[in-house]
Amino acid sequence: MDKKKFSLWNGIVAAAVFAVACFTYLSTIEPTASFWDCGEFIASSYKLEVGHPPGNPVFQLFARFFTLPVPPGKAAVAVNAMSALCSALTILFLYLTTVFFAKRLIKGGKEGRTAGQAVAIFGTGAVGALAYCFSDTFWFSAVEGEVYAMSSLFTALVFWAMCQWYERADEPHANRWIVLIAFLMGLSIGIHLLNLLTIPAFVFMYYYRKNEDR
């Protein structure tokens, strides 16, 4: 299987994984505000008010965008749907990241990878992503108006961006991926501090990519 065909099938499987996650979460979203902080987040986002410290301004701005076309009585559903979409995108980026690591473990020959190797790589990514998709804790956060779904999306997105830099580190302007990561990391602080936990992983990836020949 040549590189072009591999990329095509990778995109098809990625789209299928995203569709499964999207259908799962959107069909199981909470019909109204859940317990804990969800009611506060939904109300403060709809009115663009100040939530509890340390604050979540980026989350509130995105949530307000989703509530613009709906009446006040449907604001909770709109924010819950936003969480569902963010979670589905998280599963998509998790699949792409898993494929990145699987490709490094299953190396092809000069003519590309065999069909069996490609199936193993796609299967690894799909099984890993869908296992997380249906995990209890993540699914619980994916269907309510909380910050964890969007925070998980930013975490998955910045790690995928680091994988993109890893593959292109020797190309001109490859450091634009580092700039993108820094930008997304800054935005993520306005959602939740979870994203900061990825920094040690980025340091290791940068170090080992720059010292692969040693």
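Tabulated data for the structure shown
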quantity: Test: A33 is among the aliphatic types (A, V, I, L, M) and under 30 Å from G128 (Cβ atoms); calculated: no
quantity: Pairs, first within 23 Å of V58 (Cα to Cα) in the range 129-150, second loosely packed, with under 12 Cβ neighbours inside 10 Å and not aromatic (F, W, Y), C-beta under 8 Å, six or more apart; calculated: none
quantity: Residue within the range 152-169 that is among the acidic types (D, E), over 21 Å from V58 (Cα atoms) and without any contact (Cβ under 8 Å) to a residue 24 or more places away in the chain present; calculated: no
quantity: Test set (1) surrounded by 13 or more Cβ atoms within 10 Å (Cβ to Cβ); (2) of a type in the set (D, E, K, R); (3) within 30 Å of V119 (Cβ to Cβ) - E30 fails condition number; calculated: (3)
quantity: Any hit, the range 41-57, residues being in contact (Cβ under 8 Å) with a residue 40 or more places away in the chain, open to solvent by less than 20 Å² (accessible area, probe 1.4 Å), touching a Leu at 6+ places or on another chain (Cβ under 7 Å) and in a helix (DSSP H, G or I); calculated: no
quantity: Where A16 falls short, out of the listed (1) more than 22 Å from S135 (Cβ to Cβ); (2) open to solvent by 20 Å² or more (accessible area, probe 1.4 Å); calculated: (1)
quantity: Residues of the range 138-150 satisfying the condition of being buried (at least 23 other Cβ atoms within 10 Å of the Cβ) and part of a helix (DSSP H, G or I); calculated: A142, A149, M150
quantity: Answer from K103, K74, K107 - the residue that is surrounded by 18 or more Cβ atoms within 10 Å (Cβ to Cβ), of a type in the set (D, E, K, R) and without any contact (Cβ under 8 Å) to a residue 40 or more places away in the chain; calculated: K103
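So that you can scan it fast, the table gives a plain yes or no per residue for (1) of a type outside the set (D, E); (2) within 20 Å of L194 (Cα to Cα); (3) under 24 Å from the mean Cα position of the chain (by Cα):
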position	(1), (2), (3)
W36	yes, yes, yes
I42	yes, no, yes
K47	yes, no, no
V50	yes, no, no
Q60	yes, yes, yes
P71	yes, no, no
S87	yes, yes, yes
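The values are calculated or read from the model by the stated rules, or taken from the named source; none is laboratory data. Note that the structure is predicted; figures quoted are calculated from it, not measured. No Cβ is skipped: glycine too gets one built from the backbone with ideal geometry, and neighbour counts run over all protein chains shown. Heads up: the accessible areas ignore ligands, DNA and RNA and are worked out on the full protein's heavy atoms, side chains in. Shrake-Rupley method; radii C 1.70, N 1.55, O 1.52, S 1.80 Å.
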